[in-house]
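Comments concern the structure below.
The values are calculated or read from the model by the stated rules, or taken from the named source; none is laboratory data. Since the structure is predicted, the reported quantities are computational estimates derived from the model, not experimental observations. Cβ placement follows ideal geometry from the backbone for every residue including glycine, while neighbour counts extend to all protein chains displayed. Calculation scope for accessible area: heavy atoms of the full protein, side chains included, ligands and nucleic acids excluded. Shrake-Rupley method; radii C 1.70, N 1.55, O 1.52, S 1.80 Å.
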Amino acid sequence: MKKLGNHASLGMRTLAVHGGQRPDELSGAISTPITATSSFSYGDFDSGARRFSGEEPGYMYSRFANPTVTAFEKRMAALEDAEAAVACASGMAAISATLFALLKSGDEIIHVGVLYGGTEGVIRNLLPRYGITPVFAADVQALKSAFTPRTKMVFVETPANPVMAIVDLAEIARLSREAGAISVVDNTFATPYLTRPLEKGIDIVLHSATKYISGHGDATGGVVVGNRQWIDPIRTLCLKQFGGCLSPFEAALLTRGLKTLPLRVEASSNSAQKIAEYLSGHPAVSTVFYPGLKTHPGYDVARQQMKLFGGIMAVDLKGGIPAARHFLDKLTLVTQAVSLGDTDSLACHPATTTHSAVSAKIRLESGITDGLVRISIGIEDTEDLIADFQQALAGL
């Protein structure tokens, strides 16, 4: 068996390739085999009873656990330096399972700043049906006065989708801990390569694995990492009760994607910095939202808690929806699509796509204007992407 020693002593590139991995004991295969089965033999009556009662380890049914999925979970736990991880069918499955596993009727959840539209929908619209009260805090300063004896959880996303707002994770962790609340961070945009929230004191980290973790636009999944006291109930709810299990085929693709995560994120981050600087000087652009620009209000905090500034940005075009339509339809290398974190550069109009279900009032309060375009920078040559943006902006 291959032994890696203490994960804390290994670099992120090494963990991305080797974390939680060992050659297959049966065949010696280096890549984790895809275990395509729904059920597992447990041998005899007594062994089956012990496995289902939790007295004995072992696989029983792929909705509960699968070796290929376990390999992905171990790799993610290693990358986030966490005790455990649970993989789910999608990012929203991971978010929903976390909320419903750890909150109950009578609890309050404080959500800080801008969130992905799907997350906003669950927190603002679905949780109240079950007696769970959402409380909005615009920023960390507002959070300080938002706590009540009923506060059970604080949920943040940083950088936030789509305006790239930055939240001080160490301060979120400190305030939550003092109030006796669980702190949860959506780390999808930053990835473990740029930010490790658990090191800042955060309790739970989750990802839409569909994005940077997959990195190739060919797999859908989600993952939650943290201490076992949080992960175990999330696993039970998500897999056994909600049935939101990750397919072993998707798990294999996600594990493959993790091997190149540091390389891809570094390449896209370096390009994004140059592209953001170019776009910030264009006359058709009102504002560029990118934490790597010194004009960004979260620049100082981002510099402290991020290795690089990431591959996502948003631009607010002066001409509103007509300008956004013109710009997006003129792009040639950059594809119009709502995902992010792929090898391919992607762009979308949040007000009519990712955040279309959010009310116009909340969208505007969050900075999601009619002229806002979100851009995910891939791994293409930076000069080619700048040329594409330049020609698409011509005439605005």
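Return the aspartates and glutamates within reach of Lys294: Cα separation strictly under 12 angstrom, same-chain partners fewer than 8 residues apart disregarded; answer none if there are no such residues. Partners within reach: Glu277. Sorting Ser359, Ser90, Ser376 by accessible area puts them as Ser359, Ser90, Ser376; the probe is 1.4 Å, largest comes first, and only protein heavy atoms count.
Cross-link partners for Lys361 among the aspartates and glutamates, with Cα-Cα distance under 13 Å and sequence neighbours closer than 8 places in the same chain left out: Asp370. Mean-square fluctuations from a GNM of the chain, with a 10 angstrom spring cutoff on Cα atoms, peak among Thr369, Thr382, Thr148 at Thr148. Using the Cα gyration tensor of segment 318-379, with a ≥ b ≥ c the square roots of its eigenvalues, what is the shape: rounded (a/c below 1.5), prolate (a/b larger than b/c) or oblate (neither)? Because a/c hits 1.5 or more and a/b fails to exceed b/c, segment 318-379 counts as oblate.
For Ala84, neighbours were defined as the other residues whose beta-carbon sits under 12 Å from its Cβ, and their charges (Lys and Arg +1, Asp and Glu -1) total -2. Measuring r between the beta carbons of Gln304 and Glu56 and using R0 = 41 Å, the FRET efficiency lands at 0.35. In summary, the lysines within cross-link reach of Lys240, defined as a Cα separation below 22 angstrom excluding same-chain residues under 8 places away, comprise Lys74, Lys104. Counting only Cβ charges, +1 for Lys and Arg and -1 for Asp and Glu, the dipole size of segment 68-108 around its Cα centre is about 200 debye. Think of each Lys and Arg Cβ as +1 and each Asp and Glu Cβ as -1; about the Cα centre, that makes the dipole of the chain roughly 480 debye. Please check: in the Gaussian network model of the chain (C-alpha springs, under 10 Å), which one of Pro248, Pro57, Pro23 has the largest mean-square fluctuation. Its mean-square fluctuation being the largest, the pick is Pro57. Evaluated with a Cβ-only charge set (Lys, Arg +1; Asp, Glu -1), segment 93-149 carries a dipole of roughly 100 debye about its Cα centre, given to the nearest 20. If you sort Met92, Met313, Met12 by accessible surface, 1.4 Å probe, largest first, the order is Met92, Met12, Met313. Computing the accessible area with a 1.4 Å probe over protein heavy atoms, can you report the carbon and sulfur percentage for segment 16-109? Ligands and nucleic acids excluded, carbon and sulfur give 54 percent. Using the 1.4 Å probe convention, the accessible area of the chain works out to 42 Å² per residue with neighbouring protein chains retained.
Note on segment 175-315: the C-alpha convex hull projects to 10.4 nm² when averaged across all orientations.
Using 0.36 nm per residue and subtracting the Cα-Cα separation, the extra length available between Arg22 and Leu10 on full extension is 2.7 nm.
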